[in-house]
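These notes concern the structure reproduced below.
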Amino acid sequence: MTERTETSPQRTDVPAPLDAVVVGAGFAGIYSLYRLRKDGLSVRVFEAAEGVGGVWYWNRYPGARCDVESVDYSFSFDDDLQQEWNWREKYATQPEILEYMEHVVERFDLARDITLNTRVTDILFDEDSLLWTVTTDTGEAVRARFVVLGLGPLSNSNIPNIPGIGDFAGPLLHTGQWPHEPVDFTGQRVGVIGTGSSGIQSIPEIAKQARQLTVFQRSPNFSVPAGNRDLTDDDRAEQKAGYAERRRLSFLSGGGSPHQPHPHGALEVSDDERRAVYEEWWQKGGVLFSKAFPDQFTSVEANDTAREFWVQKVRAKIDDPAIAEQLIPTDHPIGTKRICTDSGYFETYNRENVELVNLRKAPIERIDATGVVTADGRHHDLDALVLATGYDAMTGSVKKINIVGRGGRTLNDEWAAGARTYLGLGLEGFPNLFNLTGPGSPSVLANMVLHSELHVDWVADAIAELQARGASVMEPTNAAVEGWVEECRTRAESSLMSMADSWYVGANIAGRPRVFMPFLGGLGAYGEIIGKVAADGYPGFEFTAS
Ligand code: FAD
Ligand code: NAP
């Protein structure tokens, strides 16, 4: 493959093209570099952050940890790696996951091809050379035959446009852009806006430290205790001995972990059995609770049984019934927004130093130098304000880059009415450009580490196929894209998932088209589909020689 040529500011000649540019150094980008380099390609990774890790570099807020068990939320591509690494807790903390990712980068000597502190701004296709030119905010421009976008579905923070937000005099912290130095809330009056997964993880930790915590809640969320605990040597030995089977089951499963739902629907079993099954999945912890019965996302009645079980459990945790009432969601079926995974979240509202402010009753009017003003005329005095307000998800980071394909087509125009992909991977008009774990793929509905591996392996195999055919570019046809968009739409409509005003449908960002973005059907079914496309010679893609 093409020789890699180092660029330096002194050079005046144009560097030889690379085989591939990867954007992003989270799980997806790290594995892309490993696999494509292993296949003999010259690769460079550009990463906006000062370090690798993606989400786990940025999200350093108190309480941040994964909601898929550590043993599953880790790379499977190298058995020595998974045998050597010792996870400390059932759900690893952010520092532990970051340590793991840095270890992977070092172990496989990846850092030499990763350029940090560098944001990709433009990706332009040249139809004569059939090469992409990737330009960065440091002024560097490199050419490459292939571009792999590992930008992450949750990497573009949503900073709400609340009047006066810029006037706040104390620290204003978004969970996804948390400072590197420890933030000490001791003795402070702290506000948290947002009660999604990030808010629900951080609120119990902040409450332990702050003098007073005010939680500004617009929508309550379903959350299930993680049941987190330290792993013992015996746990680790058992997990490592069972890794092969664990991974096999995970790749076949809906969510990318080795758990299978009950064989019958929630309404097909007796009340006692149903309660026992819910109890079992409650004990498994967190987001898994949405996977107890196979019909939880297709039948409102079945979903109601899960919701009622959840309500009973949660009411019992909260001392004040009036507060409990406000913490129980009534606006969406359980699981149609990602179920949060907590450690003592609801119990936090039993503390003397915690106040719940219900923004449905009195919305935020403005922020000023010393706090938040709500519509009931109250001024909530604050020393620090945490924005746990989420992300412009799935397409936000892609749209920030000026991506121009064949015939001057821009990705922003192509996606104006909703993302359009073939298999979630290929984009018509954008040859040899692959988008990882974004819209049109299971994405955030599955364990994203294994999902990244599935995607990267597919892309690497497709590139190998292209080379074997002596082709220069591959690109999906318009018909294939249309078909896949329709497939995703039909699946979404036959499920309860699109009923919620979630970030899965872009409802959290004003002005976004409302389209359910992930592929519904599970990682296993999706893997089968894209695997069959590869095995059948890539129908839906056109391969063109130069
Ligand atoms: P990311 O980790 O988001 O990495 C993308 C990288 O691309 C970022 O570092 C970003 O700086 C960089 N980037 C973006 N744009 C540019 C650009 N223009 N130029 C250069 N660099 C750029 N998923 C799970 O399956 N299980 C979990 O437990 C889980 N927990 C999560 C917890 C939090 C707090 C969050 C926010 C998400 C969580 N997720 C979880 C989802 C998470 O997005 C994925 O698990 C995974 O980390 C995504 O990896 P990635 O490499 O695709 O993207
Ligand atoms: P989120 O789920 O989008 O939650 C954002 C919260 O902020 C919501 O409660 C939202 O209210 C509120 N909000 C947004 N703008 C607001 C405004 N202007 N005024 C008042 N409230 C406002 O974001 P997130 O909590 O960061 O989680 C995003 C995803 O990241 C998760 O679903 C999950 O996939 C992943 N994640 C996982 C973990 C984990 O446990 N491993 C932890 C964190 C994140 P509304 O609902 O009313 O819009």
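The values are calculated or read from the model by the stated rules, or taken from the named source; none is laboratory data. Please read all numbers here as calculations on a predicted model, not as lab measurements. All Cβ positions, even for glycine, are placed from backbone atoms using ideal geometry, and neighbour counts span all protein chains on display. Quick note on the areas: whole protein, heavy atoms, side chains included, nothing else; ligands and nucleic acids left out. Shrake-Rupley method; radii C 1.70, N 1.55, O 1.52, S 1.80 Å.
Looking at Glu268, is it open to solvent by 30 Å² or more (accessible area, probe 1.4 Å) and either in a helix (DSSP H, G or I) or among the small types (Gly, Ala, Ser) (or both)? It is false that Glu268 is open to solvent by 30 Å² or more (accessible area, probe 1.4 Å) and either in a helix (DSSP H, G or I) or among the small types (Gly, Ala, Ser) (or both). Inspect all residues belonging to region 80-103 and state whether any of them is under 22 Å from Leu252 (Cβ atoms), within 14 Å of ligand 1 (Cβ to nearest atom) and either in a loop (DSSP other than H, G, I, E, B) or touching a residue at least 40 places away in the same chain (Cβ under 8 Å) (or both). No - not one qualifying residue is present in region 80-103.
The residues of region 365-391 that are surrounded by fewer than 21 Cβ atoms within 10 Å (Cβ to Cβ) and in contact with a Ser or Thr (Cβ under 8 Å, 6 or more places away or on another chain), listed by number, are Glu365, His379, His380, Asp381.
Any chance region 312-327 includes a residue that's on the phi > 0 side of the Ramachandran plot and either not in a strand (DSSP E or B) or not hydrophobic (A, V, I, L, M, F, W, C) (or both)? Within region 312-327 (the criterion being on the phi > 0 side of the Ramachandran plot and either not in a strand (DSSP E or B) or not hydrophobic (A, V, I, L, M, F, W, C) (or both)), the answer is no, since none of the residues qualifies.
Per-residue answers, yes or no, for (1) more than 21 Å from Met497 (Cβ to Cβ); (2) in contact (Cβ under 8 Å) with a residue 60 or more places away in the chain:
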position: Gln188; (1), (2): yes, yes
position: Thr195; (1), (2): no, yes
position: Pro263; (1), (2): yes, no
position: Ala292; (1), (2): no, no
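Taken as a whole, the structure leaves Val68 outside the set of residues that are within 16 Å of Tyr31 (Cα to Cα) and within 13 Å of ligand 1 (Cβ to nearest atom). From the list Gly527, Gly511, Gly506, Gly440, the one residue that fits, being at positive phi and touching a Leu at 6+ places or on another chain (Cβ under 8 Å), is Gly440.
The residues on offer are Glu102, Glu96, Glu89, Glu84, and the sole one that is open to solvent by 30 Å² or more (accessible area, probe 1.4 Å), among the acidic types (Asp, Glu) and within 16 Å of ligand 2 (Cβ to nearest atom) is Glu89. For the condition within 16 Å of ligand 2 (Cβ to nearest atom), outside any loop (DSSP other than H, G, I, E, B) and surrounded by 17 or more Cβ atoms within 10 Å (Cβ to Cβ), Leu466 does not qualify. Just one of the listed residues (Ala480, Ala492) is assigned to a helix (DSSP H, G or I) and in contact with an Asp or Glu (Cβ under 9 Å, 6 or more places away or on another chain), and it is Ala480. For Met499, indicate whether it is open to solvent by 70 Å² or more (accessible area, probe 1.4 Å) and in contact with a Pro (Cβ under 8 Å, 6 or more places away or on another chain). Judged against the criteria, Met499 is a match.
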